[in-house]
Amino acid sequence: MPKTKEVKDYIRTIVDFPHEGIFFRDVTTLFADPRGFRMAIDQMVHPYAGERIDKVIGLEARGFILGGAIAHQLSVGFVPVRKKGKLPGTTISQHYTLEYGEAIVEIHDDAIKPGEKVLIVDDLLATGGTAEAGIKLIERLGGDIVGCAFVVDLPALGGRKKLETMGMDVHVLCDFEGL
C-alpha cells in the first residue's frame, strides 16, 4: 500500500539558495498542489477551530497566501504585516533581525482593536525574527495573540524556542533538521 503523503512531502528543497550552504524549503510546490494546499490549510486551522479568533495576521509575504485562506476558513478578518513602505495608511513599525540581515515591518495603526484575538500565520519559522516583530506590533495595538501557526519549522535556528519563551503557543506542521 502506498504511503499517504504528508505536508512535508509537498515541499521542495533548493540547495545553496539564497546562499551557499543553505537548504531553502520552498513551499510554492505545496501551494501549487490542490491536495497539499488544502491539507496544509486544514491542519493549520484545526488547533484553533472553535476558539475565538477575530483576525488572522499574515506575515510578509507567503503568510499572506496562508493567512487569507485560514481567515476564510475561520470566517474572520485578515490583516497583513508588510515590509516598510508597502501599506498606504498610517502605520506603526517594528525593526528586527533575520537570518540574512535586518528589516522593518509595519501594520496599519487601526488594523487591530484592543482585546481582539489574533492568530499569526507564516510559512516558515527560522530564527523567529519576523514573527517576533509581528507579535510586538500586535501587542502594541492591544491585540491578544492566541497562537502562531507555521507550515515549516527549522529547529536548528531556534525560532520556536524564542516564541515559546515569549509565552506564545506555536503550532507547526513539519520540521526540517539542519539549515
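Please go through the stretch 39-62 and pick out each residue that is closer than 23 Å to ASP9 by Cα and either crowded, with 20+ Cβ neighbours inside 10 Å or in contact with a helix residue (DSSP H, G or I) (Cβ under 9 Å, 6 or more places away or on another chain) (or both).
MET39, ALA40, ILE41, ASP42, GLN43, MET44, VAL45, ARG62
Given the criterion at pLDDT 95 or above and in contact with an Asp or Glu (Cβ under 7 Å, 6 or more places away or on another chain), identify the matching residue among ILE57, ILE92, ILE70.
Exactly one residue qualifies, and that residue is ILE92.
Which residues, counting only those in the stretch 1-29, are part of a helix (DSSP H, G or I) and touching a strand residue (DSSP E or B) at 6+ places or on another chain (Cβ under 7 Å)?
Those that are part of a helix (DSSP H, G or I) and touching a strand residue (DSSP E or B) at 6+ places or on another chain (Cβ under 7 Å): VAL7, LYS8, THR29.
In the stretch 118-172, which residues are surrounded by fewer than 24 Cβ atoms within 10 Å (Cβ to Cβ) and assigned to a loop (DSSP other than H, G, I, E, B)?
Selection gives ALA126, THR127, LEU141, GLY142, LEU154, GLY158, MET166, GLY167, MET168, ASP169.
Consider only pairs whose beta carbons are under 7 Å apart and that are at least six residues apart or on different chains; among these, list those whose first residue lies in the stretch 116-133 and is without any contact (Cβ under 8 Å) to a residue 60 or more places away in the chain and whose second residue is part of a strand (DSSP E or B) and acidic (Asp, Glu).
LEU125/ASP153
So, GLU102, is that one assigned to a strand (DSSP E or B), closer than 25 Å to ASP175 by Cα and of a type in the set (Asp, Glu) or not?
Criteria met by GLU102.
So, ILE65, is that one in contact (Cβ under 8 Å) with a residue 24 or more places away in the chain, under 25 Å from ARG25 (Cβ atoms), assigned to a helix (DSSP H, G or I) and of a type outside the set (Gly, Ala, Ser) or not?
yes
State all residues of the stretch 134-143 that are touching a helix residue (DSSP H, G or I) at 6+ places or on another chain (Cβ under 9 Å) and farther than 15 Å from PHE78 by Cα; if no residue qualifies, say none.
ILE135
The values are calculated or read from the model by the stated rules, or taken from the named source; none is laboratory data. From a predicted model like this one, the values you see are computed outputs, not experimental measurements. All Cβ positions, glycine included, derive from the backbone under ideal geometry; neighbour counts span all protein chains shown.
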